[in-house]
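Read through the structure below, which is laid out as structure tokens, and then see the notes.
What follows draws every value from the coordinates through simple rules; no lab data is involved. This structure is a prediction, so every number in the text was calculated from the model and none was measured. Methodologically, a virtual Cβ is constructed for each residue, glycine included, from the backbone with ideal geometry; neighbour enumeration extends over all protein chains shown.
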Amino acid sequence: MTRTLIPLAAAFFAGSALADHRAIEVTDRGTFIPGVRLGVDMAPRGEAPAVPHSGHGFELGFTGASGDASQNRTPGAPALVFGGRTFAAPVELHHDYDFRFAEVAYRYRHFFGEGTFGIEALGGLGYAQYELTVTSAAQRASEKLSSGGLVGGFGILWKFLPQTSLQSRVTVFGSGDGEGVSAAARLDVFIAQALGRNAAVRMGLTSWGLVSSREENDDFSSLNSQILASFSGLALQLELAF
């Protein structure tokens, strides 16, 4: 578990002090992250489901992003192994990625006092897919990493207007899959605006970090390089609530 959590922290915060020079590092800070969400109240059912309120419910969400990044491998750095190819330093690598994430979760929300401030907790199942292409001047390799796993989340909500709220949420995903997406984490900070009873739009910022721990092959003949990826940017989500 520690071997996964430390690289995940490195990917999420994208700090050079946490970087692993034996890893493929993909850092993108200017991508657009769209998403859709379906929410279904269980009890109690709000008069306007699109406005956050106390109660139990289920969420089904889908989000993704595409982008590119560069990684400079200086002389003396370890060679990287990816897609059956070895990229020896010094080398300039170009990364193209495509990420998709789906989740279904139970959600509980509780608002305090007059219903202005609230918290939420989520737990359920998720599926992450990360397709990566690594290119150097001499060669190119691609892999599609995908894993199912568990999802958990915690959020804080502030309804500063009857139909408008500030919402922040941390979501974590873990699969335990060494060759797929081993773990991921997401931070959302949104302004949410209800559009009638059953629809809302969220605009804000999202930051993702993920890791593929890349365990040794079964015959121990080679070691695939670990992948640390992070991306963030403007986000837009549409929610349907019932």
Inset, instruction - Can you tell me the equivalent ellipsoid semi-axes for the chain? Use √(5λ) from the Cα gyration tensor, largest first, whole Å. - result: 38, 17, 14
Legend entry - Label-point gap, in nm, between Leu238 and Phe160 - each point 7 angstrom along Cα→Cβ: 2.7
Inset, instruction - Between beta-carbons, use under 12 Å as the cut-off and find the net charge around Ala89, counting Lys and Arg +1, Asp and Glu -1. - result: +1
Inset, instruction - Compute the long axis of helix 2-13 from its Cα atoms, compare it with the longest principal axis of the Cα atoms of the chain, and write down the angle in degrees, 0 to 90, nearest 10. - result: 70
Legend entry - Among beta bridges that DSSP assigns inside the chain, antiparallel share in %, nearest 5: 90
Inset, instruction - Report the local net charge at Glu239: Lys and Arg +1, Asp and Glu -1, summed over other residues whose C-beta lies under 11 Å from its C-beta. - result: +1
Legend entry - Total formal charge among the other residues, if their Cβ is under 15 angstrom from that of Gly149, Lys/Arg +1 and Asp/Glu -1: -1
Inset, instruction - Let me know the whole percent of all Cα-Cα pairs from the stretch 115-242 that are separated by more than 18 Å. - result: 64
Inset, instruction - Would you mind ranking Ser212, Ser66 by Cβ crowding within 10 Å, fewest neighbours first? - result: Ser66, Ser212
Legend entry - the stretch 60-157: radius of gyration and largest Cα-Cα distance (Dmax), Å: 20.1, 63
